[in-house]
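These notes concern the structure reproduced below.
Where a number appears in this text, it was derived from the coordinates with a stated rule and is not lab data. Bear in mind that the values here come from a model prediction, so they are computed numbers and not experimental data. Methodologically, a virtual Cβ is constructed for each residue, glycine included, from the backbone with ideal geometry; neighbour enumeration extends over all protein chains shown.
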């Protein structure tokens, strides 16, 4: 998802004429945040402007016809790991959908269908139950019934002994869809006349492979039907019972279920009230693990924050899980397990046409007249959910996904720049050692903090104009990812000092630079190359940088400005 130039221009304050050229920064910073995220973004000017501009952006989608104003109902929730709450909500209920909203308002308590966002929870539960090492296990370890099909023709049948749990989770098993199974076994007059044995037998003996294992990612509802059976074997319980016990109960996701919500005074959007062909209430347990969940914005927020804050999984496990596992035919779309990862180019500072890479982890889902988007941006510590209902819900999710991401991700990045100027930049002196001081800056068009000057006992500690400091994700408070977003109290956070290769090489042509095929960037290779002489430790108190340690000399620089 590359940022729309006109939209970026309106939000970030630089001219968006056709001649505007957005190009990647020469510094090629490390993947990940370039400024600290230990601050509250909700009070920033950038987020305030994003909130102010967003309703007009939605009106533009209505006016252009990309969204159907009268048909659609949707609810958007943007949340922050630094505040553990929403920082923005927006909802719309079209005239034709009003009768389906049982409480009269589509808010973050209103239950909708989330379709294939379910896949994310299936994987979440499997990792929580068995650890991420389960990805390396052959699926036949848990489902031996899949082993031993009788065909030696690789074009005709899947050799399940070659398929791992991770291959299924990252949609690289070649297991394809589930429609052919449902067509054979699901009788509309008796939709529950099948069992898990039928599913496993079909995928062993009849399912044709779509690709060879690990060749590339191909979307696979069938693979996630199989993963549901893996969770059943791991837990010894039904899929609804297992996911409830492992994920929903610990996180207090009281409104999330694998089947239609029941009970009095429900706050739901029930399209069967206005459309007899609605998917509301169409529940098939055998494929529940691939796209059946009902949920609301509040529960999706709880799930997103639990991942960003490593509440159920260890920080190392979350970090491993949130990594690409396959590419696609696009340079900006990657695939995880089962994350759909958009590689964004976002401006490094306000008003700059220089950009850096930031990965947005998403999962989309749909049940015909219900769709959903779930997204997390670890670099900025924010996430969002979008729940959509309507006869035009399927195409509507994509422009909604785009405008929420294109509005709030850059805004959160600029909020980090605001915070860096206010709380990180400044001059620091070691009063015990004459001639020992450093100055940190935020520089237009450059990522991370600049090391404007660095002197140790009168000796210049930097010999080039482009030194940058980037956070490494290491903190003294705890190994929990929540420490990356901790606002209050004292905390020590590690940074590393980086200098681009002199002279600066042009970025590759594909990235908007003047270079050729290759990038000629080696930043990621140079950290700690000569030992820890590039390490700096920041001491923060209530978001404010009060001192900087340089372990190589034992110097402690205290803020004087």
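Some values worked out for this structure:
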quantity: For the chain, the Rg and Dmax computed from alpha carbons only, in angstrom; calculated: 25.3, 87
quantity: Within the range 392-419: backbone nitrogen closer than 13 Å to the residue 69 label point (7 Å, Cα to C-beta); calculated: none
quantity: Share antiparallel - DSSP beta bridges, the chain, percent rounded to 5; calculated: 95 percent
quantity: Estimated FRET transfer efficiency (residue 453, residue 195; beta-carbon r; R0 51 Å; 0.05); calculated: 0.10
quantity: The range 170-315 shape via C-alpha gyration tensor axes, a/c threshold 1.5; calculated: oblate
quantity: Contour excess over end-to-end distance, with Cα ends at residue 478 and residue 262 and 0.36 nm allotted per residue; calculated: 73.6 nm
quantity: Burial order of peptide ranges 158-169, 213-224, 41-52 (average beta-carbon count within 10 Å, highest first); calculated: 158-169, 213-224, 41-52
quantity: Whole-number percent relative contact order across the range 123-235, with pairs defined as alpha carbons under 8 Å at least 6 apart; calculated: 37 percent
quantity: Gain in span if fully extended, residue 331 to residue 141, counting 0.36 nm per residue against the direct Cα distance; calculated: 64.9 nm
quantity: Ascending count of other beta-carbon atoms within 10 Å, so fewest first, for 477, 529; calculated: 529, 477
quantity: Ordering of 380-390, 109-119 by packing [mean C-beta count within 10 Å, highest first]; calculated: 380-390, 109-119
quantity: Residues 538, 203 arranged by fewest to most Cβ contacts within 10 Å; calculated: 538, 203
quantity: Burial order of peptide ranges 302-308, 486-492, 225-231 (average beta-carbon count within 10 Å, highest first); calculated: 225-231, 302-308, 486-492
quantity: Value of relative contact order over the range 425-559, rounded to a whole percent, pairs C-alpha under 8 Å and six or more apart; calculated: 21 percent
quantity: Sorted by Cβ neighbour density within 10 Å, fewest at the top, the residues 314, 482; calculated: 314, 482
quantity: Value of [θ]222 nm, deg cm²/dmol, for the chain, DSSP H segments ≥ 4, -39500 (n - 2.57) each, nearest 500; calculated: -7500 deg cm²/dmol
quantity: Relative contact order (percent, whole number), the chain, Cα cutoff 8 Å, 6+ residue spacing; calculated: 20 percent
quantity: At R0 = 30 Å, FRET efficiency that the Cβ-Cβ distance of residue 48 and residue 487 yields, to 0.05; calculated: 0.95
quantity: Three-way shape call for the range 123-235 based on the alpha-carbon gyration tensor, with the a/c threshold at 1.5; calculated: oblate
